[in-house]
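The values are calculated or read from the model by the stated rules, or taken from the named source; none is laboratory data. The model shown is predicted, which means the values in this text are computed figures rather than measured ones. Note: ideal-geometry Cβ built from the backbone for every residue, glycine included; neighbour counts use all protein chains shown.
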Amino acid sequence: MLDSLITSKTRIRLLVKFFSNPDTRAYLREIAEEFGESTNAVRVELNRLSDAKLLNSAPEGRTIKYTANTTHPLFGNITQIVNKYLGLDEIALNIVDRLGNVQLALVIGDYARGVDSGIIDLVIVGDEIDRNLLDQLSRKVEDIINRKIRSLILTPGEFQNFEKQDRFKKPILLYGEI
């Protein structure tokens, strides 16, 4: 869907990186390495997004760090489009509401860091979660979004132990409050 509107694959990947999680901060060489592209190709797109004021850039030592401009008037709209592109809205609507006593639903891992790896790590926190229904709904959503959903179900007590781990830092909140 998004690739028919935006012809630059690098620009799409940058939008996903910065607008799927607005806390993402990255610099040119780091992004080029992650994307497996030349620094020049990434620089061109970073400059275009910066010129459009969609990204903020700030010097940090000898590098320039880029972040999403959360004050841009289109920030919310672009975030919604990116979430639709990633299928996060489908996950939230189709999975969380029908599973049982869900207190919290989070995306962690690559997608929370703004990396479109093809695998969405979903954490469901609650009691009496229907695992069979979760698996069934996940397969349906996977077909819609063309991405694999890897889910982890935790009780509230288990989540308190796990949330201190690095992989739980800066998650994307789909449902509930942290």
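Please verify whether Thr79 is among the hydroxyl-bearing types (Ser, Thr, Tyr), closer than 25 Å to Phe35 by Cα and surrounded by fewer than 18 Cβ atoms within 10 Å (Cβ to Cβ), treating the condition exactly as stated. For Thr79, the condition - among the hydroxyl-bearing types (Ser, Thr, Tyr), closer than 25 Å to Phe35 by Cα and surrounded by fewer than 18 Cβ atoms within 10 Å (Cβ to Cβ) - is not met. Considering only segment 139-149, I want to know if a residue exists there that is closer than 19 Å to Gly176 by Cα, in contact (Cβ under 8 Å) with a residue 12 or more places away in the chain and not charged (D, E, K, R). No, because not a single residue in segment 139-149 is closer than 19 Å to Gly176 by Cα, in contact (Cβ under 8 Å) with a residue 12 or more places away in the chain and not charged (D, E, K, R). Within segment 47-76, residues that are under 18 Å from Thr10 (Cβ atoms) reach partners that are among the hydroxyl-bearing types (Ser, Thr, Tyr) and part of a helix (DSSP H, G or I) with beta carbons closer than 6 Å, at six or more positions or on different chains, in the pairs Ser57/Ser50.
Within segment 27-45, being among the small types (Gly, Ala, Ser) and either farther than 16 Å from Arg113 by Cα or crowded, with 21+ Cβ neighbours inside 10 Å (or both) holds for Gly36, Ser38, Ala41. Selection over segment 37-70 of residues that are within 19 Å of the chain's Cα centre (by Cα), part of a loop (DSSP other than H, G, I, E, B) and either over 23 Å from Val107 (Cβ atoms) or of a type in the set (D, E, K, R) (or both) gives a count of 0.
On the stretch given as segment 46-55, residues that are surrounded by 15 or more Cβ atoms within 10 Å (Cβ to Cβ) and not basic (Lys, Arg) total 5. Going through segment 25-46 one residue at a time, which ones are among the charged types (D, E, K, R) and either closer than 13 Å to Arg11 by Cα or not assigned by TED's automatic domain parsing to the domain that holds Thr10 (or both)? Correct list: Glu37, Arg43, Glu45.
Out of all the residues in segment 35-54, is one or more in contact with a Lys or Arg (Cβ under 9 Å, 6 or more places away or on another chain) and of a type in the set (Gly, Ala, Ser)? So far as segment 35-54 goes, no, none of its residues is in contact with a Lys or Arg (Cβ under 9 Å, 6 or more places away or on another chain) and of a type in the set (Gly, Ala, Ser).
Look through segment 11-36, keep the residues that are within 16 Å of Ile78 (Cα to Cα) and among the aliphatic types (A, V, I, L, M), and return whichever of them is nearest to the chain's Cα centre (by Cα). Looking at residues that are within 16 Å of Ile78 (Cα to Cα) and among the aliphatic types (A, V, I, L, M), I get Val16.
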